[in-house]
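For reference, the structure discussed in these notes is given below.
The values are calculated or read from the model by the stated rules, or taken from the named source; none is laboratory data. From a predicted model like this one, the values you see are computed outputs, not experimental measurements. Note that each Cβ is placed from the backbone with ideal geometry, even for glycine, and that neighbours are counted across all protein chains shown. Accessible surface is based on the protein model in full, side chains and every heavy atom, while ligands, DNA and RNA are left aside. Shrake-Rupley method; radii C 1.70, N 1.55, O 1.52, S 1.80 Å.
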Amino acid sequence: MKSIINSFIIAVAMYSKIPMPKVEWNQENMKYTLCFFPAIGLVIGGLLYAWSRVCEACGFGQVCFALVGTVIPVIITGGIHLDGFLDTADALHSYAKKEKKQAILQDPHVGAFAVIAAICFFMLYGAGVTLIWKKGQLLLLGLSYIISRTLSGMSLVWFPAAKEEGLLHTFSSSAHKGTVRIVLVTLLALAMICAVIIHPVMGALTALAAMWVWTYYYYMSKKQFGGITGDLAGYFLCLCELSSVLVIGMVGRVM
């Protein structure tokens with residue numbers, strides 16, 4: 001039980017800015033960390049839903065909801081996934097060999113393509129959130145943050161790693177992979193079933209979009225980098241969340 005509690009604490013401390021008590025980051029305490037990665041998505045979804053109710057009660061309007069709602073995930077996570085998204089955008093647009101792309105991921109400097117990618121990401125994300133206001137859409141959006149993190153965790157215990165070092169390798173190698181796989185697959189199935197129950201069409205399309213991005217992530221990472229890294233995991237998470245926001249917003253608007 002102690003290792004499970006410590007795994008939860010490490011997961012929240014690693015993937016969010018939520019204050020947590022300090023525990024030692026050793027293999028025993030990190031065995032089940034990835035099982036709790038989706039919990040951060042639950043927090044983000046809950047806060048977005050609460051913010052939507054505040055906006056409705058106070059008459060703040062859809063634009064205010066969308067702009068603040070766009071940065072809520074960044075505030076909660078501290079931008080850890082967005083950092084990987086920007087680094088990967090720079091590396092992909094270098095059109096260099098795998099070794100050079102891996103080196104670009106480690107470069108602390110921000111390139112032009114990272115800035116361009118950030119602008120495009122936030123404009124598209126904000127546009128999608130402006131279309132989300134119905135209760136069913138908000139519930140689906142909350143589930144999408146759980147789905148994206150569940151798929152991200154699954155990639156860490158199934159996809160090949162680009163290198164045998166770094167934080168991603170530490171989490172992957174420390175994980176009790178059998179248990180983590182069972183928990184994450186179960187969570188993914190439950191989240192997707194709930195999405196379809198909330199709205200059959202929107203839920204199914206949101207799940208399909210997430211799986212399509214996950215498949216792209218697998219093949220792209222192998223071809224372009226020789227496997228996944230922590231930055232690539234962040235890149236996937238951002239793209240997956242963006243796909244969900246756009247699908248929920250656009251499909252919900254026409255239905």
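Kindly establish whether G84 is in a helix (DSSP H, G or I), over 18 Å from G249 (Cβ atoms), of a type outside the set (D, E) and modelled with pLDDT under 95. Spelling it out, G84 is indeed in a helix (DSSP H, G or I), over 18 Å from G249 (Cβ atoms), of a type outside the set (D, E) and modelled with pLDDT under 95.
Of all the criteria given as (1) in contact (Cβ under 8 Å) with a residue 24 or more places away in the chain; (2) among the hydroxyl-bearing types (S, T, Y); (3) open to solvent by 10 Å² or more (accessible area, probe 1.4 Å), the one not satisfied by S94 is (1). Cβ separations smaller than 7 Å between residues 6+ apart or across chains give no pair from segment 205-231 residues that are free of Cβ contacts under 8 Å to residues at least 24 places away in the same chain to residues that are surrounded by 22 or more Cβ atoms within 10 Å (Cβ to Cβ).
Please verify whether segment 199-220 includes one or more residues that are crowded, with 21+ Cβ neighbours inside 10 Å and touching a His at 6+ places or on another chain (Cβ under 7 Å). The answer is no, given that none of the residues of segment 199-220 is crowded, with 21+ Cβ neighbours inside 10 Å and touching a His at 6+ places or on another chain (Cβ under 7 Å). Restricting attention to segment 3-33 and to residues that are part of a helix (DSSP H, G or I), hydrophobic (A, V, I, L, M, F, W, C) and under 26 Å from V71 (Cβ atoms), the residue that is most open to solvent (accessible area, probe 1.4 Å) turns out to be F8. Screening K100 with (1) modelled with pLDDT of 90 or more; (2) farther than 26 Å from I147 by Cα; (3) part of a helix (DSSP H, G or I); (4) not hydroxyl-bearing (S, T, Y) gives one miss only, at (1).
Across segment 97-129, the qualifying residues are those that are touching a residue at least 60 places away in the same chain (Cβ under 8 Å), within 20 Å of the chain's Cα centre (by Cα) and surrounded by fewer than 19 Cβ atoms within 10 Å (Cβ to Cβ), and the one among them that is nearest to G41 (Cα to Cα) is G126.
Could you tell me whether A50 is surrounded by fewer than 19 Cβ atoms within 10 Å (Cβ to Cβ), within 22 Å of the chain's Cα centre (by Cα) and not β-branched (V, I, T)? Taking the combined requirement at face value, the residue satisfies it. When segment 92-136 is filtered for residues that are of a type in the set (K, R) and in contact with a Gly (Cβ under 7 Å, 6 or more places away or on another chain), the ones remaining, listed by number, are K98, K134.
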